[in-house]
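Student: The structure's right below; bear with me while I get my questions together.
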Amino acid sequence: MPEKEQQTFLERAITDGHAKITGEGKQRKIIYVAVNHTERYDDSEEKVRAEFWAELIYRYGYEPARIGVEITVPDRTPSDRADLVWLSSAMTSARNFTPSSSARRTA
């Protein structure tokens, strides 16, 4: 009997509704559902980040809503962003969380 192929962390996150892939070909985008953030999925760097993001959820038990994506780094040029950031619970409420405001609060 053949072994069942195991899902990657990202495939599991998509199945569980934590992420969505939309579009086709070079127009594919990934949506990080809990933080309502979208990136171009065609970029190989984004594929690596997405898989690591999902690994944080499934291997290490991080809550998807507390993993910020592309967060502005405080006291840096406006284009300086962190790929992934673990957010305090105060920053994750819909009222308080925006990438730029959350970065300023952690400074």
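Where a number appears in this text, it was derived from the coordinates with a stated rule and is not lab data. Keep in mind the model is a prediction, meaning the values are calculated, not measured. Positions of Cβ are backbone-derived with ideal geometry, glycine not excepted, and every protein chain shown enters the neighbour counts.
Student: Long-range amide H contacts for Ala19: which residues qualify at under 5 Å (H placed 1.01 Å from N, peptide plane, sequence gap of 5 or more or a different chain)?
Tutor: Those lying under 5 Å, H to H, from Ala19 are Ile14, Val33.
Student: Another question, then. Under the 0.36 nm per residue contour assumption, what length would be gained going from the current alpha-carbon distance of Ser79 and Lys47 to full extension?
Tutor: Result for the pair: 9.4 nm of gain on full extension.
Student: Dipole size in debye (nearest 20) for region 5-56 around its Cα centre, Lys and Arg Cβ +1, Asp and Glu Cβ -1?
Tutor: In total the dipole reaches around 200 debye.
Student: Now for a different question. Using a cut-off of 17 Å between alpha-carbon atoms, which aspartates and glutamates can reach Lys29, once sequence neighbours fewer than 8 places away in the same chain are excluded?
Tutor: Excluding near neighbours in sequence, the set is Glu11, Glu39, Asp42, Asp43, Glu45, Glu46, Glu51, Glu70, Asp83.
Student: For region 51-68, in order, what is each residue's ³J(HN,Hα) by Karplus, 6.51 cos²θ - 1.76 cosθ + 1.60 with θ = phi - 60°, in whole Hz (x at glycine and Pro)?
Tutor: With the stated coefficients, region 51-68 comes to 5, 5, 4, 5, 5, 4, 6, 8, 8, 10, x, 6, 7, x, 5, 9, 10, x Hz.
Student: Taking θ = phi - 60°, what integer Hz values does the Karplus form 6.51 cos²θ - 1.76 cosθ + 1.60 yield along region 76-85, in sequence order, with x for Gly and Pro?
Tutor: Working through the residues one at a time gives 10, 4, x, 8, 7, 10, 8, 4, 9, 9 Hz.
Student: Here's another thing I want to ask about it. Give me the extension gain from His37 to Lys20: residue separation times 0.36 nm, minus the current Cα-Cα distance, reported in nm with one decimal.
Tutor: 5.1 nm
Student: Moving to a separate point now. Calculate the spin-label point distance for Glu11 paired with Glu70, positioning each point 7 Å from the Cα along the beta-carbon direction, and give it in nanometres.
Tutor: Placing both labels 7 Å along Cα→Cβ, they lie 2.7 nm apart.
Student: Further, regarding this structure: Can you put Leu56, Leu87 in order of Cβ neighbours within 10 angstrom, beginning with the fewest?
Tutor: In increasing order of surrounding Cβ atoms, one gets Leu56, Leu87.
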